[in-house]
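Notes for the one structure printed next.
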Amino acid sequence: MIIIEDETTATLAARLKREREIRGWSLGQFADKSGVSKAMISKIERGEASPTATVLGRLSGALSLTVSALLSSASPVHHGVRKHAKQPLWSDPETGYNRRQVLSGQKIPLELVEVTLPPGKQVTMPASAYSFIQQAIWVLEGTLLFHEGDRVHHLDTGDSLELGPPQDCIFENKSPENCRYLVAVVRNSY
């Protein structure tokens, strides 16, 4: 048995288990609601595996929580400056996608997430991950192909996009350079 020694993985493991238990869900019920296998959920909850971004999106959608909420610890309300070094960072073990939680508003329903998507990689997110939020994307550097259902949006540096109704989405970087973008998330229910 391999236990991943990482603060973010440990936080995620504890948070997932706590959220599942609060709802009174068995592993099987959580698996049915999320489309993630019982075995994988169990491994994540024990800190033996780090989920991919796609799996994290499925889990967050089933729980009606943002990915940021799943990755954050139950720390006291944060006021003031959040230094760059203290902003939670999570990496997708499959794609190398890096996600930095720049802001997770405690008093306002706003989250800002900086993402770096490596060249030639893509991340799929299910519509369920967007059913309780509104979001916009702003490309800081590089090129992003954003698949929103059947529509494909080509975004270059400086371009932005406000997402429509929840649909399965794909974030794709076909370029030879990293793509760095900011996602602004507004939670519908506060």
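Overview of results
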read-out	value
Reachable aspartates and glutamates from Lys83, criterion Cα separation under 18 angstrom, eight or more residues apart if same chain	Glu7, Glu111, Glu114
Neighbourhood charge, 14 Å Cβ-Cβ cut-off, centred on Thr54 and excluding it, Lys, Arg +1 and Asp, Glu -1	-1
Karplus (6.51, -1.76, 1.60) ³J(HN,Hα), θ = phi - 60°, over segment 66-72, in Hz, Gly and Pro reported as x	6, 4, 4, 5, 5, 7, 8
Residue-count net charge about Gly80 - beta-carbon cut-off 14 Å; Lys, Arg +1, Asp, Glu -1	+4
Overall form of segment 6-73 per C-alpha gyration tensor (a/c, 1.5; a/b vs b/c)	rounded
Lys121 long-range amide H proximity, modeled H, under 5 Å	Asn173
Under 5 Å, built H, 5+ apart or other chain: amide partners of Thr143	none
Cα gyration tensor shape for segment 43-164, rounded if a/c is under 1.5, else prolate or oblate	rounded
Amide H partners (placed H, <5 Å) of Asp168, local residues excluded	Ala127, Gly149
Karplus-derived 3J(HN,Hα), 6.51/-1.76/1.60, for each residue of segment 159-167, Hz, glycine and proline x	6, 9, 8, 8, 6, x, x, x, 8
Exceeding the 27 Å Cα-Cα cut-off - candidates Lys17/Lys107; Lys33/Lys107; Lys86/Lys107	Lys33/Lys107
Extended-chain gain in nm, criterion 0.36 nm per residue less alpha-carbon gap, Asp159 and Phe132	7.3 nm
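Every read-out reported here was derived from the displayed coordinates using simple, explicitly stated rules and does not represent laboratory data. Just so it is clear, the model here is predicted, and its values are computed rather than measured. Heads up, the Cβs are rebuilt from the backbone with ideal geometry, glycines too, and the neighbour counts pull from every protein chain shown.
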